[in-house]
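Colleague: The following block contains the structure, expressed as structure tokens.
Every number here is computed from the coordinates shown, using simple stated rules; none is lab data. Please read all numbers here as calculations on a predicted model, not as lab measurements. Ideal geometry is used to build each Cβ from the backbone, glycine not excepted, and the neighbour counts take in all protein chains shown.
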Amino acid sequence: MDAQSAALTSANNYFEDFAVGDFYQHARGKTVTEFDNVILTNLVMNTAQVHFNEHLASSMPYQRRIVFGGVTAALVIGLAMQDTGENALRELGLDKMRFTAPVFHGDTLYAFSEVLSKADPPVESDTSAPGGEVRFRHWGVNQNGQVVFEAERRVLIKRRPARASRAGQAPA
């Protein structure tokens, strides 16, 4: 992976703008709150009490509630969206998801991404196709730099409009 970061939070993240090997350190962090964890855990009807029962969690190995992995995944991918999803037409897949360390209330998460591959539409001669597939590797780290989440995400991303300049300007 290239240690140099690609341009951050650009409004012009079209299919053509991504290159295999591009690395993104996304601009924002997010501190995980009790509300973030409990509301989503309950909305999706996750019944694992270690996410919402402090008394029970105090007797478990970490001795406190653990943030539901769905919250961790949503936050890390959400933090990456300004750079990797602004021109998304459709989400195609989320694979190889791993939760490598627990996340707790009060932890601050930061997101990173790498472009793993790009693919044109199946019919290579169709240059009018609305987008192309980009495969990203996303990972999140906590305030201590510890990786807490990893996944690969495939996205159909819009092509640059023909009337937009090649200098990276959005269409008028």
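Colleague: For the range 5-115, would you read off the P(r) tail past 21 Å as a percentage of all alpha carbon pairs?
Modeller: 45 percent
Colleague: What FRET efficiency would be calculated for the residue pair L43, A101, taking the C-beta separation as r and a Förster radius of 30 Å, to the nearest 0.05?
Modeller: 0.80
Colleague: With labels modelled as points extended 7 Å from the Cα through the Cβ direction, what inter-label distance (nm, one decimal) is found for V147 paired with S59?
Modeller: Those two pseudo-labels are separated by 3.6 nm.
Colleague: Taking neighbour Cβ counts within 10 Å as the exposure measure, how do F68, F35 sort from fewest upward?
Modeller: Ranking F68, F35 by Cβ neighbours within 10 Å, fewest first, gives F35, F68.
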